[in-house]
1. Please compute the net charge surrounding N35, taking Lys and Arg as +1 and Asp and Glu as -1 over other residues with Cβ under 14 Å from its Cβ.
2. At a 10 angstrom cut-off on C-beta neighbours, averaged per residue, how do the peptides 33-42, 64-73 rank from highest to lowest?
3. Taking a ≥ b ≥ c as the square roots of the eigenvalues of the Cα gyration tensor of the range 154-204, is the shape rounded (a/c under 1.5), prolate (a/b larger than b/c) or oblate?
4. Where the only charges are on Cβ atoms (+1 Lys, Arg; -1 Asp, Glu), what is the dipole of the range 142-204 about its Cα centre, to the nearest 20 debye?
5. Tell me, what HN-Hα J-couplings in whole Hz come from the Karplus equation 6.51 cos²θ - 1.76 cosθ + 1.60 at θ = phi - 60° for each residue of the range 133-139, using x for Gly and Pro?
6. Putting +1 on Lys and Arg Cβ atoms and -1 on Asp and Glu Cβ atoms, find which of A140, P163, I177 reaches farthest to the positive end of the dipole of the range 135-178.
Amino acid sequence: MLSALQPPRTAARTAERRRHHRMKVVLLGRYMLPNRMEYPCQSIDISPGGVHLAAPARANPGDRVIVYLEHLGRIEGTCVRTTMEGFAMTITATSRKREKFTAQLTWLANREELGLPEDRRHERIVPRNPRAVVTMEDGAEHVVRLIDISLSGTAFTTDLDLPLNTPLRVGSTPAKIVRRFDGGYAAEFRFPLSADLLDENLEL
């Protein structure tokens, strides 16, 4: 009886695994395991339903994992198996968020394959309220004016003298200084923002 049922079950599992096309998109990021430890990671391939990560600390099958990937933002899901490189996990998302995720993922895959430049129309927004408070490590607060915001960072104007790699918070978002320009700085967020949050009403 069991042997007779085995082939359909195997076929069903295979069909489920292949339901979403895997794209070879390499993105850097970080992930958090159930013990709240964080580690760096890199995507090996991604589909709208799951992601395979190269990761130094493997999750166990069944573990809930939170991942932040550049350009894609926050991803939540469950580890389904370990691999030689790290582990593979499902992606838990609403249908609306999955549609946005799929569109962004397709763009990233096509951009890498065709060598296209970044689509800056969707990567940077000018906030409706440009005022923000920057908080330094010693707790000192300074008001700055935001120029624009992307999923990975922000540019702002200020008279402050800030060395490169200075850690700070822009609003409540942890970041560090990565570039200086005439009249201000570019800061990179510790974790990329979720694509769902990026609009002109965003306040960091």
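Read the figures in this text as sums done on the coordinates, not as results from a lab. Everything numeric in this text was worked out from a predicted model, so none of it was measured. With ideal geometry, Cβ positions are generated from the backbone for all residues, glycine too; neighbour counts draw on all protein chains shown.
1. +1
2. Numbers: 33-42: 13.6, 64-73: 20.5.
Going from most to least packed, we get 64-73, 33-42.
3. Values: a/c = 2.29, a/b = 1.66, b/c = 1.38.
Note, shape of the range 154-204 comes out prolate.
4. Working: 6 positive and 9 negative charges, 65 e Å.
Using only the charged Cβ atoms, the result is roughly 320 debye.
5. Residue by residue, the range 133-139 yields 10, 9, 10, 8, 4, 7, x Hz.
6. Result: I177.
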